[in-house]
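Q: This is the structure, below, for whatever I ask next.
The values are calculated or read from the model by the stated rules, or taken from the named source; none is laboratory data. Just so it is clear, the structure is predicted and the values come from calculations on it, not from any experiment. Positions of Cβ are generated from backbone atoms using ideal geometry, with glycine treated the same way; all protein chains shown enter the neighbour counts. Each accessible area value is taken on the protein alone, full model and side chains, heavy atoms only, with ligands, DNA and RNA left out. Shrake-Rupley method; radii C 1.70, N 1.55, O 1.52, S 1.80 Å.
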Amino acid sequence: MRLNPRIEDWTGRVVWLVGASTGIGRATASRLHALGATVIVSARTALALESFVAEHAGAHALPLDVTDRDAVRAAAGQIVEAHGRIDLAVYCAGTYRPLRATQFDLDVALQHQQVNYVGALHLLDAVLPVLLRQGAGHLSLLGSVAGYRGLPQALAYGPTKAALINLAEVLYMDLHPRGIGVSLVNPGFVETPLTAQNAFHMPALITPEEAAEAIVRGWSQGRFEIHFPKRFTLWLKLLSHLGDALYFKAVRRATGL
Ligand SMILES: NC(=O)c1ccc[n+]([C@@H]2O[C@H](COP(=O)([O-])OP(=O)(O)OC[C@H]3O[C@@H](n4cnc5c(N)ncnc54)[C@H](OP(=O)(O)O)[C@@H]3O)[C@@H](O)[C@H]2O)c1
């Protein structure tokens with residue numbers, strides 16, 4: 001269902017992807033560049049961003065750490081100064097380490113909160129004034145199906161993704177009436193540095209390029225939630241609607257954890 005203005009023509013659109021040195025962010029940046037957008041990529045690893053720029057003529061790199069609110073705000077200012085506007089801001093920065101209650105590590109949990117959630121708030125702080133002033137544009141947050149309900153090993157990661165899902169819904173209600181699109185991207189398993197550490201079999205694993213294609217299609221269809229691959233995410237959605245006892249039992253049976 002169409003909940004956002006469709007984005008079909010990318011020519012000259014100013015798009016900023018935060019967390020685009022690798023994985024889904026980088027692949028999506030590459031796809032948008034191929035479609036004619038003016039692409040700005042951010043992340044901490046300046047070298048990786050420079051290699052993206054070298055491979056994508058006309059793209060720009062703004063290295064930053066999302067946990068540094070001033071750096072995120074300064075980067076948004078630089079974009080507006082150079083390009084006059086922001087048509088799409090995408091929050092792809094994320095970190096993941098398996099964590100269980102039996103080996104709780106506060107530093108790991110807080111690191112996830114800072115990168116996955118607080119960093120998104122820093123992006124909001126930087127771009128909301130720009131989008132509201134424009135009365136147009138689009139904000140997209142990378143959540144995860146791990147935010148639907150609790151999953152094993154996701155003690156640090158899952159709650160940050162649940163928070164992003166809720167955040168995107170609240171943002172939608174405030175920004176949609178003002179002509180600003182808001183979308184939430186919930187991928188299943190994608191083959192990236194983030195999932196490379198998973199020792200278990202990842203069902204319905206897709207490439208970052210396939211993820212990028214699904215994301216761009218979702219924006220072009222004006223979707224709010226963009227989830228993929230459907231053969232996996234629809235199953236998880238069904239599971240998430242089960243009563244508590246059935247849900248815990250089904251997850252335990254499926255994962256063996
Ligand atoms: N892969 C999956 O299966 C999957 C599934 C569901 C959701 N997701 C979500 O999709 C998003 C992208 O993940 P991915 O799989 O593409 O992982 P990835 O390849 O590891 O990408 C993560 C990106 O975040 C950046 N980043 C991490 N910490 C940062 C920081 N402090 N400041 C700035 N940038 C930072 C990384 O760049 P630097 O290290 O250079 O800073 C990198 O560009 C994440 O939000 C992830 O949770 C992934």
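Q: Here are some residues: GLY19, GLY58, GLY94, GLY23. Which one is more than 15 Å from the chain's Cα centre (by Cα) and either open to solvent by 40 Å² or more (accessible area, probe 1.4 Å) or at pLDDT 95 or above (or both)?
A: Only one candidate qualifies: GLY58.
Q: Now for a different question. Only one of (1) assigned to a loop (DSSP other than H, G, I, E, B); (2) within 15 Å of the ligand (Cβ to nearest atom); (3) within 21 Å of GLU210 (Cα to Cα) fails for ARG6. Which number is that?
A: (2)
Q: Anything in the range 32-74 that is in a helix (DSSP H, G or I), out of contact with any strand residue (DSSP E or B) (no Cβ under 6 Å at 6 or more places or on another chain) and within 22 Å of LEU131 (Cβ to Cβ)? List them, or say none.
A: Residues satisfying the conditions are ARG69, ASP70, ALA71, VAL72, ARG73, ALA74.
Q: Now for a different question. Scan VAL41, VAL53 and give me the residue that is near the ligand (Cβ under 10 Å from one of its atoms) and over 22 Å from PHE224 (Cα atoms).
A: On inspection, the qualifying residue turns out to be VAL41.
Q: Say whether the condition of being under 29 Å from ALA154 (Cβ atoms), in contact with a helix residue (DSSP H, G or I) (Cβ under 9 Å, 6 or more places away or on another chain), open to solvent by 60 Å² or more (accessible area, probe 1.4 Å) and basic (Lys, Arg) is met by at least one residue in the range 27-36.
A: So far as the range 27-36 goes, yes, one or more of its residues are under 29 Å from ALA154 (Cβ atoms), in contact with a helix residue (DSSP H, G or I) (Cβ under 9 Å, 6 or more places away or on another chain), open to solvent by 60 Å² or more (accessible area, probe 1.4 Å) and basic (Lys, Arg).
Q: Looking at the range 96-115, which of its residues are among the charged types (D, E, K, R) and either part of a loop (DSSP other than H, G, I, E, B) or within 13 Å of the ligand (Cβ to nearest atom) (or both)?
A: Correct list: ARG97, ARG100, ASP105.
Q: With ALA245, ALA250 as the choices, which residue is part of a helix (DSSP H, G or I) and open to solvent by less than 50 Å² (accessible area, probe 1.4 Å)?
A: Going through ALA245, ALA250 in turn, the sole match is ALA250.
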